[in-house]
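Every number here is computed from the coordinates shown, using simple stated rules; none is lab data. Worth saying up front: this structure is predicted, and the values here are computed from it rather than measured. Glycine also receives a Cβ, built like all others from the backbone with ideal geometry; neighbour counts cover every protein chain displayed.
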Amino acid sequence: MDSTPTRPAQVAVCPSAGIGHLTPFLRLASMLTSNSCSVTLIIIRPTLSFAEANQINTFLSTHPHITASEFHILPCEPSSNSNIQDPFLLQYDAVSRSAHLLVHHLATLSPPPSAVFSDLMFASGINKPLYDLGIPNYNVITSSARFFSFMTSLTHLRVTRGDDVVIPGLAPIVGDDIPPIFSNTDHMFTRLIETSCRYLQDAKGIVLNSFDFFEPESISALQNGKVLAGLPSVFPVGPFIPYGSINGDNIPWLDNQPSKSVVYVSFGSKTVMSKDQIREIGDGLERSGLRFLWVIKTTVVDKEDKEELRDLLSEAFFENTKERGLILREWVNQEKILAHPAIGGFLTHCGWNSVMEAAQRGIPLLAWPLHGDQRVNAGEVEKAGLGIWERSWGWIGERLVKGDEIAMKIQEMMTSEKLRASATRVWDEATKAWEKNGSSRKMFETIIGDKVST
Ligand SMILES: O=c1ccn([C@@H]2O[C@H](COP(=O)(O)OP(=O)(O)O[C@H]3O[C@H](CO)[C@@H](O)[C@H](O)[C@H]3O)[C@@H](O)[C@H]2O)c(=O)[nH]1
């Protein structure tokens, strides 16, 4: 018997910008370190938001075995042809333009990585060089399998605004669910996604934060090569496992609410909506008569000044809901909130992390997408039985959705026995995926096995 001790695999984990991309990578880093890998976390500098900086600090303090290595990206540049204002999109572009420098940066790590887990935004700069160096590189996809299928298809199909998109192996993607920017091939973000996906073939594998039960059609079409021939192996290993103790305090108010009675309302880390729409949500929550925990964000990046709550909502609203509602403006610990027994439903924009976190807890969702992948994600939520989606509301901001409509849908989410049962089934299946012989666990073990032996 070979008595040589196996050296732990040296893994570099490379997230890109924004909490929605950072969080799944921190979870993955934690999962890898719990499975005997020695992990170096690449930290993009500068970070855009306080939330990211805090999350990284807390993560590193709770994971002393993980080494951090700062990677300074090139400055953001205003987009020449599409007038992009969103600081996160500009940051993705800067990450992608800096990606070739990451290869040199990785080479300076000591010991050098024997495997890399990197965000799709790095693909154009690192996939080919790492392939040539014989270092297995797994591109980690932070969105749904279905939206990923759409992104990879941009390499060969033209999107016409409003038209359904037909992808082999999948039910057509409804035209209205695709953000209009994807019909503009010159748009910086469209080019970024398309170019990145061209390099996927040089990756060792594609890691998805999804699981077989949740997205059977897309996962199987990706794995069988129907979506795109030449893709490397696809590993659905979701939901990524939360590592606990992220920043954000306990909310004692929740402890005093009855089981499954509270509607949690939050639209992710960077959502902004009009004041009128915020007032209508307030009206909806008031009319619903339900308890609620509402996280209001009025800035795209949390470093900007906040609007006074009293300027957003009326005195009457505060008076009428003071016994049953709590509004928070700061960063909350969503992971902890969703795990709290008082939470009975979640009005969400369907950012994929929020979807997977709700799946892990069996929390019924009411989907109201804002942008990007979120309408496609909402469709997956509905199909899997985790939530309901009122398509007529459109994207957030497309039309003013009135309080009475919101109240009706929230009540449906909170009272439907059928929905609660199907959401509980999703919870069971998400749990099973990570049990011994579960689909995600087996996939994860395959990656670890491949990597250690490379
Ligand atoms: O106050 C807050 C707000 C958010 N979160 C966490 O932050 C993450 C937010 O991620 P997500 O729900 O995916 O929303 P976004 O930040 O909007 O995510 C971006 O990234 C996702 C993954 O690519 C995409 O699906 C989204 O469309 C895109 O907007 C989740 O883990 C939340 O639990 C908190 O803990 N506290």
Of 352, 267, 372, farthest towards positive along the dipole that unit charges on Lys, Arg, Asp, Glu beta carbons give segment 252-430
352
Segment 350-397: mean projected area of Cα convex hull, nm²
2.9 nm²
Do the alpha carbons of any pairs in 275/383; 418/442; 260/383 sit beyond 25 Å of each other, and which pairs?
275/383; 418/442
Looking at the square roots a ≥ b ≥ c of the eigenvalues of the Cα gyration tensor of segment 99-256, which shape do they give, rounded for a/c under 1.5, prolate if a/b is larger than b/c, or oblate?
oblate
Over segment 252-430: Kirkwood hydrodynamic radius from C-alpha pairwise inverse distances, Å
16.2 Å
Counted neighbours (other Cβ, 10 Å), sorted fewest up, put 65, 340 in the order 65, 340
Two-site label geometry, residue 314 and residue 132: point separation in nm, points 7 Å out along Cα→Cβ
6.6 nm
If each residue of separation counts as 0.36 nm, what is the full-extension length gain between residue 157 and residue 446 once their alpha-carbon separation is subtracted?
100.8 nm
For the chain, the longest principal axis of the Cα atoms and the Cα long axis of helix 417-433 enclose an angle in degrees, to the nearest 10, of 20 degrees
Can you tell me how segment 325-372 classifies by the Cα gyration tensor, rounded, prolate or oblate, using a/c under 1.5 as the rounded cut?
oblate
Contact order normalised by length for the chain, with contacts defined as Cα pairs under 8 Å and 6 or more residues apart; what percent is it?
15 percent
Once both labels are modelled 7 Å past Cα along the beta-carbon direction, what's the residue 241-residue 174 spacing in nm?
3.7 nm
Under the Debye formula (equal points on every Cα, no solvent term), log10 I(q)/I(0) of segment 341-445 at q = 0.23 Å⁻¹
-1.21
With the convex hull built on the Cα atoms of segment 1-122, state its orientation-averaged projected area in nm².
8.5 nm²
Quick one: putting +1 on the C-beta of Lys and Arg, -1 on the C-beta of Asp and Glu, what dipole do you get for the chain around its Cα centre, in Debye to the nearest 20?
780 debye
Above 32 angstrom, tally the Cα pairs of the chain and express them as a % of all pairs, no decimals.
37 percent
To the nearest 10 degrees, how steep is helix 439-453 against the longest Cα principal axis of the chain, on a 0 to 90 scale?
30 degrees
At 7 Å along Cα-to-Cβ for each site, give me the label-to-label distance between residue 72 and residue 35 in nm.
3.5 nm
For the chain, what does the helix formula give at 222 nm: sum of -39500 (n - 2.57) over DSSP H segments with n ≥ 4, over the residue count, nearest 500 deg cm²/dmol?
-12500 deg cm²/dmol
If the label point sits 7 Å along Cα→Cβ of residue 250, residues of segment 317-341 with amide N under 18 Å come out as 332-341
Angle, helix 352-361 long axis vs. longest principal axis of the chain, Cα atoms, 0 to 90°, nearest 10?
70 degrees
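Taking Rh as the Kirkwood radius, which is the inverse of the mean 1/r over Cα pairs, what is the Rg/Rh value for segment 121-198?
1.02
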Which of rounded, prolate or oblate describes segment 160-222 when judged by the alpha-carbon gyration tensor and an a/c cut-off of 1.5?
oblate
Give the order of 92, 131 when sorted by the count of other beta carbons within 10 angstrom, beginning with the fewest.
131, 92
By count of other Cβ within 10 Å, fewest leading, how are 62, 424 ordered?
62, 424
